[in-house]
Amino acid sequence: MLDEDFKFIKPGEVRVRIAPSPTGMLHLGLARTALFNYLFAKKYQGSFILRIEDTDLERSDRLFEKDIIESLKWLGIEWSEGPDNGGVYRPYRQSQRLESYAKYLEKLLAEDKAYHCFCSEEELEAQRQYQLSIGEAPRYSGKCADLSKEEVKKILAEGKPSVIRFRMPGKKIEFDDLIRGKLEFDTSLIGDIVIAKDLATRGPNESLGGRREGWSPLYNFAVVIDDFEMKISHVIRGEDHIPNTPKQILIQEALNFPRPEYAHLPLILGPDRTKLSKRCGAVSISEYREAGYLPEALINFMAFLGWNPGIEREIYSLPSLVKEFSLEKVQKGGAVFNIKRLDFLNGFYIRSKSPEKLTELCLPYLIEEGLITPAFKTEQYPPAYGGMEIKQNYQISETGEEISLDFIQKIVSIYQERLKRISEISELTDFFFKDKLEYDKNLLKWGEMTDREIIKSLDRSEKILSKIKTENWAKENLERQIMPEAEKMGDRGYLLWPFRVSLTGKEASAGPFEIAEILGKEKTIKRIKEARGLLR
């Protein structure tokens, strides 16, 4: 479809959906599909619907549903209709729509467009193996397709388990994919597909073999019914669903349903251009969240997994994506996952945060790592009236020392430029929350320095710092006192490297003057002495 074709879409006409199965956590691929549906709906002032496909009773779990809902909301992808907020076409869980499916199953059976199949799994597997052995694509043979009503009734009365199959008309199907253009399928190669399974529970409906509530609809059937009843105008989903589309179109035709527009998004591939694996990034959104990625970074990253605005701009907020997004600019070929790009975007959004907000985001990681613990205390407020105010401070877990939120904010601020993920804050800053550092003495060595030279360097630093008054203990003044001495040594690293390592115990860190300012004079001198002790 060309760009001018989209101009004829009237505001409010678009109705799209994301329909996850709660059989696992919300993963990156499905979140990308949800995002593209959301952007398309918002672009045309339409409706974005969340529908839960939970008819797989054995694998569906409300905990997974909870994760899907929470993850989408965390990303900022909100829906106008869904299982939690209702809507005109509720319910939005398939498990609550069984009567609706039964009605359409009755219709298909009554019109001989579907039939009961009693073939056992063993029979079907034997048939499948035979077809493969003679070079044919596996498909149902049609063994039960011509059973008479009397035969069907008799077998059902015997209690033999069955499925309901849809009679494939065996014709060619064409449809215009909004991303890929015209696609054509010969459905005679597919065979009659199963659209419902018997749960073997009895009910009052005879045309369904006395099992009204006993039929579990399968995907290709249920999705057609749901899309029709919820008036879905556009089905935007992954290209792995392309083989399902002709099956669904034929079911639509059998039920005289209108055909929605289809758009199939490219698969997300790993760096080696193979199917994305967990090792390369196919993890859940909640795992990305726990790893310290920001929702705006993931939104920006996912938008470029298959879509490109055609300009150099790389940074897009959700509102700006709504404005710029179009299906015409979605590529056909696979979208390659690049973790370095995600880290770059996440770093950008971390740097964009205010120190207060970034500290708020970092606190849970520092607490979880056991570096700090929340501490509450009461203060009289206002003093004249004898009221009490509860204030939250924090304690360094290892020492019990009370620290303020402002102290933590100073630590976070000097690492804001270095963070790629929020979760890195604990590893980068743990030395601030330790009483005594443990590290290899060789880490104090700059170049080919001997132990004697390192001791001499630390002595110089301590001598200079000891003379600085506590009230003058600020980054700028520390730098002003130390740097001239470092310059005298020819190579500043001979003074600055042992000094910085003595404070952090790390090969890489923020600068020594920022760190010393936060640690304070007493701790700074103490750590220099401890470092010198490692060499004696």
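The values are calculated or read from the model by the stated rules, or taken from the named source; none is laboratory data. Fair warning: this is a prediction, and the values are worked out from it, not measured in the lab. Here Cβ is always computed from backbone atoms with ideal geometry, including for glycine, and neighbour counts include all displayed protein chains. Note: areas computed on protein heavy atoms with side chains; ligands, DNA, RNA excluded. Shrake-Rupley method; radii C 1.70, N 1.55, O 1.52, S 1.80 Å.
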Subject >> Glu487 paired with Arg418, simple spin-label distance in nm, labels 7 Å along Cα-to-beta-carbon >> reply: 2.6
Original post:
P(r) tail for region 390-536, what percent of Cα pairs lie past 25 Å?
Top reply: 28
**OP:** For the chain, build the charge dipole from Cβ charges (+1 Lys, Arg; -1 Asp, Glu) around the Cα centre, then report which of Gly86, His241, Met302 sits farthest towards its positive end.
**Re:** Met302
Original post:
region 121-186: which trypsin sites (Lys or Arg not before Pro) are DSSP loop and have at most 12 other beta-carbon atoms within 10 angstrom?
Top reply: Lys171
Original post:
In Å, what is the Rg of the alpha-carbon atoms in the chain, and how long is Dmax?
Top reply: 32.5, 105
Original post:
Where nothing but the Cβ of Lys and Arg (+1) and of Asp and Glu (-1) is charged, how large is the charge dipole of the chain around its Cα centre, in debye to the nearest 20?
Top reply: 780
Subject >> Value in Å of the Kirkwood radius, where region 26-147 supplies the Cα pairs that are averaged >> reply: 18.2
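Given the alpha-carbon gyration tensor of region 283-348, what are the semi-axes of its equivalent ellipsoid in whole angstrom, ordered largest first, with each equal to the square root of 5 times an eigenvalue?
21, 14, 11
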Original post:
Of all the accessible heavy-atom surface of the chain, with the other protein chains kept in place and a 1.4 Å probe, what percent is carbon and sulfur?
Top reply: 50
Original post:
For the charge dipole of region 376-522, defined by +1 on Lys and Arg C-beta atoms and -1 on Asp and Glu C-beta atoms about the Cα centroid, which residue among Leu478, Leu419, Phe376 has the Cα displaced farthest towards the positive pole?
Top reply: Leu478
Original post:
Once the whole set of protein chains is in place, how much accessible area is left on Arg492, using a 1.4 Å probe, in Å² to the nearest 10?
Top reply: 110
Original post:
Once fully extended, how much extra length lies between Glu401 and Ser133, figured as 0.36 nm per residue of separation less the alpha-carbon to alpha-carbon distance?
Top reply: 89.0 nm
**OP:** Using θ = phi - 60° and the Karplus relation 6.51 cos²θ - 1.76 cosθ + 1.60, list the HN-Hα couplings for region 242-258 in order, rounded to whole Hz, with x at every Gly or Pro.
**Re:** 4, x, 6, 4, x, 4, 5, 4, 5, 5, 4, 5, 5, 9, 6, 8, x
Original post:
Quick one: Karplus J couplings for region 410-419, per residue in order, coefficients 6.51, -1.76, 1.60, θ = phi - 60°, nearest Hz, x for Gly and Pro?
Top reply: 5, 5, 4, 4, 6, 10, 4, 6, 9, 6
Subject >> Within the chain, helix-based [θ] at 222 nm, where runs of 4 or more DSSP H residues each add -39,500 (n - 2.57), nearest 500 >> reply: -12500 deg cm²/dmol
**OP:** Compute the long axis of helix 339-352 from its Cα atoms, compare it with the longest principal axis of the Cα atoms of the chain, and write down the angle in degrees, 0 to 90, nearest 10.
**Re:** 60
Original post:
Averaged over all directions, how much area does the convex hull of the C-alpha atoms of region 230-310 cover when projected, in nm²?
Top reply: 7.8
Original post:
Hey, what's region 1-130 come to in accessible area per residue, 1.4 Å probe, Å²?
Top reply: 48
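Quick one: of Lys410/Lys436; Lys113/Lys160; Lys434/Lys463; Lys475/Lys523; Lys410/Lys475, which pairs are farther than 18 Å apart, Cα to Cα?
Exceeds cut-off: Lys410/Lys436; Lys113/Lys160; Lys434/Lys463.
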Original post:
Per residue, what accessible area does region 395-531 have, given a 1.4 Å probe and all protein chains present, in Å²?
Top reply: 51
Original post:
Treating the beta-carbon of each Lys and Arg as +1 and of each Asp and Glu as -1, no other charges, what is the dipole magnitude of region 429-477 about its Cα centre, to the nearest 20 debye?
Top reply: 220
Original post:
If amide H atoms are built 1.01 Å from N in the plane of the peptide, which residues on other chains or at least 5 residues away come under 5 Å of the amide H of Gly238?
Top reply: Leu265
Original post:
Hey, got the Cα dimensions of region 242-363 along the principal axes, in Å, largest first?
Top reply: 60, 34, 29
Original post:
What list of ³J(HN,Hα) values in whole Hz, one per residue of region 41-55 in order, does the Karplus curve 6.51 cos²θ - 1.76 cosθ + 1.60 (θ = phi - 60°) give from phi, with Gly and Pro shown as x?
Top reply: 5, 5, 4, 10, 6, x, 10, 10, 10, 9, 10, 9, 9, 10, 7
Subject >> Per DSSP, loop chymotrypsin sites (Phe, Trp or Tyr not before Pro) in region 275-354 with at most 12 further Cβ within 10 Å >> reply: none
**OP:** Write out the GluC sites (Glu not before Pro) in region 480-536 meeting two conditions: DSSP loop, and at most 13 other Cβ atoms within 10 Å of their Cβ.
**Re:** Glu507
Original post:
Rg to Rh for region 111-203: what is it, with Cα atoms only and Rh by Kirkwood?
Top reply: 1.06
